[in-house]
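The values are calculated or read from the model by the stated rules, or taken from the named source; none is laboratory data. Model, not experiment: these values are computed from the prediction. As a convention, Cβ positions derive from the backbone with ideal geometry for all residues, glycine included, and neighbour counts pool all protein chains shown.
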Amino acid sequence: MIGDGSKRRLSQSTVKLLDYNDLLEKESSIICLNEAFLVKKLRELEAIGASRDKLYWLTLARVTELAILCAGNYADNCEFRAAGDLLVNPRLTIVHTRRYKEGIIKRRHLKLTEQFGNLGGTKEEIVELVKREAVIEIEEDPLLPDLYKQMQDSGFLAQNYLNSVNSRMKQIADVITFLLSYNVFSGVDLYNKLKSANQSEREFIESKLCKFNKKIFIELGNDIRRLAINSSFVSNFLERI
C-alpha cells in the first residue's frame, strides 16, 4: 500500500485507481466472489473515469483474475451452472420476434422453448416457431470472455499473460467436462468419489481440478503500485510498447 505522502504527488485518477485496488484486495475474499460482485467491481472501475492506460489495464486484469478464481472454485465444487454463467452463458440476451413490438429479455437459465411455451402448440411446434421467428441478440457476453476480449483488444497486455488467461478458461471448461464424465454432478458426489477412491485414483481426480490461487492477482497489484510511483517500471504483464 502506498502512503498518503506519496499519493499527494500522483494524479487524481492514479490515486483513485490505487484506492480502488486497495479496496479490491480487502473485499475479494473467496466467500465474497460471485458474478454480481465481479460485475459491480467492473462497473466501479469503469466509473472512475481513468484514462485507458497501463494502470487501468493492469487493474482490469486483477478483476479478471478474481473472475477466473471464482469460476475455477465453482467448477472444483461442482457448481457447474455458476461456472458456466461466467464462462459461456451470456449475461443479457434479447429475443426479437414479429409477435412482439419490443424485444424480450431471455431468461438466463430457461430454454427458449420453455419461455415461449405460452404461445401454444406442441413442443415440436414451439421449437419450429422459435427457429422461424426468433432473432437472438446478445447484449452482454459472459463475463470472462468479455474481460478477455477487452484486454486482448487493448494492446496493452502481454501475449504470455493473455495466453495464461485463455489457458485457465479452457481448464475450467475441461474440469466441468471431466467431472460430468466421471458421473460427478454435485459436491456430495465429489466428496463420496474421493472418499471411496484409492490413493492413486484420488490423486488423479485432484490433479484434474483447477485449484487456482491469488498469486497472479497479488503480483498484478504489486506491479500497479510500482508503476504508479515509477513510470519507467517494466511489468511482465504488459506488452512492450
Just give me the residues in region 179-229 being acidic (Asp, Glu) and more than 24 Å from LEU66 (Cβ to Cβ), in sequence order.
ASP189, GLU201, GLU203
Residues satisfying the stated conditions in region 28-45, i.e. modelled with pLDDT under 95 and in a helix (DSSP H, G or I)
ILE30, ILE31, CYS32
Which of the residues belonging to region 70-88 are buried (at least 21 other Cβ atoms within 10 Å of the Cβ) and either of a type in the set (Val, Ile, Thr) or under 11 Å from the mean Cα position of the chain (by Cα) (or both)?
CYS70, ALA71, GLY72, ALA83, ASP85, LEU86, LEU87
Can you tell me which residues in region 186-241 are among the aliphatic types (A, V, I, L, M) and within 23 Å of VAL63 (Cα to Cα)?
LEU209, ILE216, ILE218, LEU220, ILE224, LEU227, ALA228, ILE229, VAL234, LEU238, ILE241
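Given the residues ALA47, ALA61, which is the only one that is surrounded by fewer than 12 Cβ atoms within 10 Å (Cβ to Cβ) and closer than 23 Å to LEU157 by Cα?
Answer to the selection: ALA47.
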Whichever residue in region 37-69 is within 15 Å of the chain's Cα centre (by Cα) and of a type in the set (Lys, Arg) and, among such residues, is nearest to SER235 (Cα to Cα)
ARG62
Given (1) part of a helix (DSSP H, G or I); (2) in contact with a Phe, Trp or Tyr (Cβ under 9 Å, 6 or more places away or on another chain); (3) more than 25 Å from PRO90 (Cα to Cα), where does ASN236 come up short, assuming only one miss?
(1)
Name, by its number, the condition in (1) outside any helix (DSSP H, G or I); (2) at pLDDT below 85 that does not hold for ARG108.
(2)
